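The values are calculated or read from the model by the stated rules, or taken from the named source; none is laboratory data. Treat the numbers as computed from the prediction; the structure is a model and nothing was measured. Cβ: placed from backbone, ideal geometry, glycine included. Neighbour counts: every protein chain shown.
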Amino acid sequence: MSLRVVHSADVLAALDSSRPVVALESTIFSHLGLPAPANAEALRRCLDVIRAAGCVPAVTAVLDGEVRLGIEESEHPRIFGTARKVAERDVPVAVAQRWDFGATTVSAAVAIAAAGGVSVFATGGIGGVHRGAEVSGDVSADLDAIASNPVITVSAGAKAFLDLARTLEYLETAGVPVLGWKHDWFPAFYTPSSGLRIPHRVESALEVALVHRNRSRDTSGLLLTVPIPAAFALDAEQLDAVLESALAECEASGIRGAAVTPFVLGRIGEATAGRSVPANLALAENNARVAAEVAVALSGAL
Ligand code: PSU
Ligand code: MN
């Protein structure tokens with residue numbers, strides 16, 4: 001059995017004529033990812049920048065129990081509403097139980113993109129190895145999904161509440177090429193650099209496409225990291241203090257598993273309100289722009 005994916009008409013037409021498509025997740029656009037009305041603005045800006053580059057955007061979601069690759073404009077308000085978080089393992093459950101709206105995480109989105117024939121996917125930040133994972137075992141399913149689906153994931157790295165050094169180690173073990181877009185450091189989402197060196201720097205979309213075409217296994221993916229645009233970067237020290245206290249609060253109140261990421265994201269949002277939301281929008285749009293460039297290069301249009 002494999003995933004049955006329902007394409008929107010424009011995504012299907014693009015794939016039929018080998019035009020470039022960029023997949024998106026839907027958690028970032030739901031209340032789990034960004035507060036209203038920033039979530040609607042994020043979706044608008046990502047769609048616009050992908051279309052401006054000559055690509056077709058494909059938002060992934062589970063709607064009325066259907067696995068969707070591409071949604072209609074009239075369905076956008078559903079994406080901004082109350083969501084149930086859907087990682088890759090939850091997709092079959094959301095289908096079997098006909099969930100109204102399942103918001104896809106990175107792991108679900110790359111699995112849906114792969115099943116539906118889309119090779120490039122843009123997000124804000126990926127999940128990773130959590131701090132203290134040696135005790136909790138909390139490693140995001142995003143990492144294995146990136147490793148085992150033939151999709152290029154474009155992200156601003158991962159947030160610093162994760163253990164970024166172990167996240168990089170895990171990606172190395174899983175055999176995922178990790179590339180830095182015109183940059184030498186693994187980005188930490190709100191800040192351009194985590195202080196950890198990126199394994200390989202790349203200078204162009206064509207180079208990314210060539211890495212993808214030359215991988216040893218045609219089932220594996222790669223991670224392209226793009227630093228947040230400098231004008232929107234947050235102050236690293238202020239952020240560290242917020243992260244420490246949010247993690248301590250998780251520990252004290254027994255918040256575990258899939259609930260950790262949305263909880264910490266909420267606390268960061270409250271503590272840095274004025275600046276974290278514009279930063280999030282800027283990096284999501286920037287990632288979508290780079291992903292579109294890569295999709296164009298991959299489709300051979302360059
Ligand atoms: N990190 C962010 N913003 C997000 C997420 C992660 O900075 O919105 C979401 C993404 O959808 C990601 C998911 O795939 O959280 C990871 O959740 P978990 O840590 O439970 O695997
Ligand atoms: Mn987890």
Query raised in the report: Can you tell me which residues in segment 127-150 are surrounded by 24 or more Cβ atoms within 10 Å (Cβ to Cβ) and among the aliphatic types (A, V, I, L, M)?
Result: 145, 146
Report summary line: Checked 58, 42, 52 against criteria (within 19 Å of residue 283 (Cβ to Cβ) and in contact with a helix residue (DSSP H, G or I) (Cβ under 6 Å, 6 or more places away or on another chain)); the one match is 42
Query raised in the report: With (1) more than 20 Å from residue 258 (Cβ to Cβ); (2) within 13 Å of ligand 1 (Cβ to nearest atom); (3) in contact with a His (Cβ under 9 Å, 6 or more places away or on another chain) as the list, and residue 116 as the residue in question, which single condition is left unmet?
Result: (2)
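Across segment 122-170, which residue is farthest from residue 191 (Cα to Cα) among those that are outside any helix (DSSP H, G or I), away from ligand 1 (no atom under 11 Å from the Cβ) and of a type in the set (A, V, I, L, M, F, W, C)?
The initial filter retains those residues of segment 122-170 that are outside any helix (DSSP H, G or I), namely 122-132, 137-140, 149-163.
Restricting the remaining residues to those that are away from ligand 1 (no atom under 11 Å from the Cβ) gives 122, 131-132, 137, 149-152, 154, 163.
Cutting the leftovers down to of a type in the set (A, V, I, L, M, F, W, C) gives us 122, 151-152, 154.
On the way: 122: 18, 151: 25, 152: 22, 154: 16 Å.
Checked segment 122-170; the qualifying residue farthest from residue 191 (Cα to Cα) is 151.
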Query raised in the report: Taking segment 34-85 only, how many residues are of a type in the set (Ser, Thr, Tyr), assigned to a helix (DSSP H, G or I) and touching a residue at least 24 places away in the same chain (Cβ under 8 Å)?
Result: 0
Query raised in the report: Which one of these does residue 191 not meet: (1) more than 16 Å from ligand 2 (Cβ to nearest atom); (2) without any contact (Cβ under 8 Å) to a residue 40 or more places away in the chain; (3) surrounded by 13 or more Cβ atoms within 10 Å (Cβ to Cβ); (4) under 23 Å from residue 27 (Cα atoms)?
Result: (2)
Report task. Identify all residues within segment 1-33 that are outside any strand (DSSP E or B), surrounded by 23 or more Cβ atoms within 10 Å (Cβ to Cβ) and touching a Phe, Trp or Tyr at 6+ places or on another chain (Cβ under 9 Å); write none if there are none. Result -> 25, 26, 29, 30
**Report entry** segment 78-120, residues that are surrounded by fewer than 22 Cβ atoms within 10 Å (Cβ to Cβ), among the aliphatic types (A, V, I, L, M) and touching a strand residue (DSSP E or B) at 6+ places or on another chain (Cβ under 9 Å)
**Finding:** 87, 93, 95, 115
Query - Any chance residue 22 is within 27 Å of residue 98 (Cβ to Cβ), at pLDDT 95 or above and hydrophobic (A, V, I, L, M, F, W, C) - result: no
Report task. Considering only segment 236-278, state which residues are free of Cβ contacts under 8 Å to residues at least 40 places away in the same chain, away from ligand 1 (no atom under 15 Å from the Cβ), within 21 Å of residue 193 (Cα to Cα) and of a type outside the set (Gly, Ala, Ser). Result -> 237, 238, 244
Query raised in the report: Of the residues 120, 106, which single one is hydrophobic (A, V, I, L, M, F, W, C) and within 16 Å of ligand 2 (Cβ to nearest atom)?
Result: 106
